[in-house]
Amino acid sequence: RGTRGGGGGGAVEGRRGGGGRARRAGQLRNADGSVLGRYGPIMAGHCEREVRLDHQHGAGRPLLLGVSAGPTLSSMCTLEGGRVCLAGEPARFRIVSRDSYGNLRTQGGDQFSVTLEDGTAAAIDDSGDGSYTASFVCEFAGTHLLSVRLDGREHLPGSPFALRCRPGHPHLPLCALV
C-alpha cells in the first residue's frame, strides 16, 4: 500500500490489484482549489485507488480502475512449441503477444507472419485473446530457419528459430525399390 502526493495533505492512495504498479503518479493543485491527479499504471488488470484531500476520503471510494494491456511489442512476445516437426505432417505452434511491460494482451488483431527459409508461409489463426496459432507443413527433413515477425518486419526474440524437421512416416506411393 503506497501513498503518493505532495504538500497540503492531498494524496492518492493505492491498494494492491492487477494495476497496482505505476510508472508515474502525481497531482497538481490548481489556483482555483481543484486538484488534478494523474496515474499511469503499468500492470494490466483491476486496481483500486482512494482519493483523499486533507486526509479526508473522497466520494465514491474506492475508485475501481480497469487497466488494459498496451500495444503489442514484438520483443516481449513469446513462441510456444514448434521447434520439432515431422516432414509432410502439419506442425503447429502458438504465439503469445504482450505489451512493453510484459502484460498479456487480451485481444487479437496483430499481424504476425511466419515463414520458413524456403518461402513456405504458415497459416495464422487469431484466437482473439492475444494468442495466435501458426500451422504449416514442412516438406523436407533437416534443420530449417523459421522467421516469426510482427507487422512483417519486427522479429520476435530468437527469430529466426532453428526448426528441426524429422523424416516423416513412409508413404508407399513415394517409395522405390532399389
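Would you point out the residue of segment 101-112, among those that are assigned to a loop (DSSP other than H, G, I, E, B) and open to solvent by 70 Å² or more (accessible area, probe 1.4 Å), that is nearest to Pro41 (Cα to Cα)? Give the steps one after another, and end with the answer.
First, the residues of segment 101-112 that are assigned to a loop (DSSP other than H, G, I, E, B): 101-103, 105-111.
Remaining after also requiring open to solvent by 70 Å² or more (accessible area, probe 1.4 Å): 101, 106-107, 111.
On the way: Tyr101: 10, Thr106: 17, Gln107: 19, Gln111: 26 Å.
By that ranking, first place goes to Tyr101.
Look at segment 123-144 and say how many of its residues are out of contact with any Leu (no Cβ under 6 Å at 6 or more places or on another chain), surrounded by 14 or more Cβ atoms within 10 Å (Cβ to Cβ) and not in a loop (DSSP other than H, G, I, E, B). Number of matching residues: 10.
Determine if segment 113-122 includes at least one residue that is part of a loop (DSSP other than H, G, I, E, B), open to solvent by 60 Å² or more (accessible area, probe 1.4 Å), more than 15 Å from Ser159 (Cβ to Cβ) and among the β-branched types (Val, Ile, Thr). Full working, then the answer.
Here is the first cut: in segment 113-122, the residues part of a loop (DSSP other than H, G, I, E, B) are 117-120, 122.
Those still in the list that are open to solvent by 60 Å² or more (accessible area, probe 1.4 Å) too: 117-118.
Retained after the next criterion (residues that are more than 15 Å from Ser159 (Cβ to Cβ)): 118.
Now restrict to residues that are among the β-branched types (Val, Ile, Thr): none.
No: segment 113-122 contains no residue that is part of a loop (DSSP other than H, G, I, E, B), open to solvent by 60 Å² or more (accessible area, probe 1.4 Å), more than 15 Å from Ser159 (Cβ to Cβ) and among the β-branched types (Val, Ile, Thr).
Within the option set Ala44, Ala91, being open to solvent by less than 50 Å² (accessible area, probe 1.4 Å), at pLDDT 70 or above and under 30 Å from Pro170 (Cβ atoms) holds for one residue only, Ala91. Being in contact with a strand residue (DSSP E or B) (Cβ under 6 Å, 6 or more places away or on another chain) and aromatic (Phe, Trp, Tyr) is a condition met by at least one residue of segment 106-116. Residues in segment 80-124 that are touching a residue at least 12 places away in the same chain (Cβ under 8 Å), more than 16 Å from the chain's Cα centre (by Cα) and on the phi > 0 side of the Ramachandran plot: Gly81, Gly82, Gly88. Among the residues of segment 145-167, those that are within 20 Å of Glu89 (Cα to Cα), out of contact with any Phe, Trp or Tyr (no Cβ under 9 Å at 6 or more places or on another chain) and crowded, with 17+ Cβ neighbours inside 10 Å comprise Phe161, Leu163.
Going residue by residue through segment 61-76, is there one that turns out to be surrounded by 12 or more Cβ atoms within 10 Å (Cβ to Cβ), assigned to a loop (DSSP other than H, G, I, E, B), on the phi < 0 side of the Ramachandran plot and at pLDDT below 70? Yes - at least one qualifying residue is present in segment 61-76. Pairing each residue of segment 125-148 that is farther than 16 Å from Leu163 by Cβ with any residue that is assigned to a loop (DSSP other than H, G, I, E, B) and acidic (Asp, Glu), provided the two are 6+ apart or on different chains, yields C-beta distances under 8 Å for Asp126/Asp110; Tyr132/Asp110.
The values are calculated or read from the model by the stated rules, or taken from the named source; none is laboratory data. As the structure is a prediction and not an experimental result, all values here were calculated from the model. Positions of Cβ are backbone-derived with ideal geometry, glycine not excepted, and every protein chain shown enters the neighbour counts. The accessibility values were calculated without ligands, DNA or RNA, using every heavy atom of the protein model including side chains. Shrake-Rupley method; radii C 1.70, N 1.55, O 1.52, S 1.80 Å.
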